[in-house]
1. Search the range B:73-87 for residues that are more than 14 Å from chain A (Cβ to nearest Cβ) and pair each with any residue that is in a loop (DSSP other than H, G, I, E, B) when their beta-carbon atoms are under 9 Å apart and the residues are at least 6 apart or on different chains.
2. Touching a helix residue (DSSP H, G or I) at 6+ places or on another chain (Cβ under 8 Å), more than 30 Å from residue B:173 (Cα to Cα) and away from chain A (no Cβ under 12 Å): which single residue out of B:35, B:18 fits that description?
3. Of everything in the range A:178-194, what is in contact with a helix residue (DSSP H, G or I) (Cβ under 8 Å, 6 or more places away or on another chain), over 18 Å from residue A:50 (Cα atoms) and buried (at least 17 other Cβ atoms within 10 Å of the Cβ)? Give them in sequence order.
4. Would you point out the residue of the range B:59-93, among those that are in contact with a helix residue (DSSP H, G or I) (Cβ under 6 Å, 6 or more places away or on another chain) and within 15 Å of residue B:212 (Cβ to Cβ), that is surrounded by the most Cβ atoms within 10 Å (Cβ to Cβ)?
5. What number of residues within the range A:213-233 are assigned to a helix (DSSP H, G or I) and either within 7 Å of chain B (Cβ to nearest Cβ) or out of contact with any helix residue (DSSP H, G or I) (no Cβ under 9 Å at 6 or more places or on another chain) (or both)?
6. It is to be established whether one or more residues within the range A:183-196 are within 12 Å of another protein chain (Cβ to nearest Cβ) and in a loop (DSSP other than H, G, I, E, B).
7. Anything in the range B:218-235 that is surrounded by 22 or more Cβ atoms within 10 Å (Cβ to Cβ) and closer than 15 Å to residue B:184 by Cβ? List them, or say none.
8. Testing residue B:260 on (1) farther than 25 Å from residue B:201 by Cα; (2) crowded, with 17+ Cβ neighbours inside 10 Å; (3) away from chain A (no Cβ under 14 Å), one condition comes back false. Which one is that?
């Protein structure tokens, strides 16, 4: 009987979904996956952060490789977007400011209830390496959150600047005019945001400027994407 | 002749290291200085310092040259600087290139094997434009004017849309004259402070001289056949994606004057020298 009731509840969708949106409140849901987080100097964790696809394929990115970034001194880490990001707290409907809702205390254990939380097993103090890893993960998480806020802000700027640009366009991660391959990695982003990105690229390197070296092109890409993140790479599906 | 160099420098770096020079464009600053200005050397040193840490102090740069009317009057040839540039280029719209005879080292020598295909709505409404791959597109009006005035060295090919339909208003301008040779003291390199001593962007077989031309252009007099529209045999640039190494395009004074009379927009030239 208890099993039958559980089955009915699952069918009605009452069980918490394992794949909930990662960015509630932004009007977007995050695709599962990971991104490559590129940072600048080691002693300035909050200096800037750029999110790139994990598969930094040299061919599809026109010679832009993780190895080239590493050799240029950038710090690279992989950020698991789905596992590390907490959704924004949803507001409780009808709960006005200053008003307190009384609730029944959560029931632990008992028939039908969630299992009783077990006390942690003997938990040794984290090693320095584990502590460092925890700090890095926390910093990465903060970078993801900051990039999402930046994206929302930039998107609003773009929509204000190009109010008539509706729909979506494909954006080459390495622009074709900078030598990126025609069949290179593309992202479908809002048209207004694409126009803003294009404008920023041309401010750094306009069409009539000859050709940049590989290093200067890399610098342009990192500069632009640290200010104008690609939404898919920070867990936002535009 | 006045030479002006323009840099694009990140606003944060510019404000901390250069003070208030230049004009802010948001996240990037536009700094224009005479080439001989002391601050140009400072920017070069800062860039070298940044390079040691795997970074660049400036991103974009370009050199523009400005002449007196007398210098323009006495010029023997003009090097055309493309200003009206658009994408998508031919290869992105169905134009095919045959690279079987191209240099395996630098990619020079790829031959356009089909007519030029372009998206009609992306062609600027100007008489003379270039794609990002430096395919030249001219208006029908300009093509007729060039033919009427007997301009030599120019060929006119049809332009088609991505589906193959003929674009009546446009023609591809090709260069049919014999190429001229680039000679010293023409300076080619990565940028003003990096002459590519290691030859990273130079073809060992001599097809590509380097990434960018940094000085005025000098060409060998004996290689010039007197045509109005000429290209150089040696190329600059690199084979990347749809981009190919490209020749410099030279105009005779007659052709330059005609383009001025026809009020061709975004026409920027530099004086080129025969030696």
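1. Listed pairs, sorted by first residue: B:75/B:67; B:76/B:224; B:76/B:252; B:77/B:224; B:77/B:252; B:78/B:252.
2. B:18
3. A:178, A:179, A:184, A:190, A:192
4. Among those that are in contact with a helix residue (DSSP H, G or I) (Cβ under 6 Å, 6 or more places away or on another chain) and within 15 Å of residue B:212 (Cβ to Cβ), it is B:59.
5. We begin by selecting, within the range A:213-233, every residue assigned to a helix (DSSP H, G or I); these are A:214-227, A:231-233.
Next, from what is left, pick out any that are either within 7 Å of chain B (Cβ to nearest Cβ) or out of contact with any helix residue (DSSP H, G or I) (no Cβ under 9 Å at 6 or more places or on another chain) (or both): A:215-216, A:219-220, A:223, A:227, A:232.
Summing the residues that are assigned to a helix (DSSP H, G or I) and either within 7 Å of chain B (Cβ to nearest Cβ) or out of contact with any helix residue (DSSP H, G or I) (no Cβ under 9 Å at 6 or more places or on another chain) (or both) in the range A:213-233 gives 7.
6. So in the range A:183-196, the residues within 12 Å of another protein chain (Cβ to nearest Cβ) come out as A:183-184, A:196.
Still in the list and also in a loop (DSSP other than H, G, I, E, B): A:183-184.
Yes, because at least one residue in the range A:183-196 is within 12 Å of another protein chain (Cβ to nearest Cβ) and in a loop (DSSP other than H, G, I, E, B).
7. If the condition is that a residue be surrounded by 22 or more Cβ atoms within 10 Å (Cβ to Cβ) and closer than 15 Å to residue B:184 by Cβ, then B:219, B:232, B:234 are the ones that fit.
8. Failed condition: (2).
The values are calculated or read from the model by the stated rules, or taken from the named source; none is laboratory data. Every value quoted in this text rests on a predicted model; they were computed, and no experiment measured them. Note that we place each Cβ from the backbone using ideal geometry, even for glycine, and neighbour counts take in every protein chain shown.
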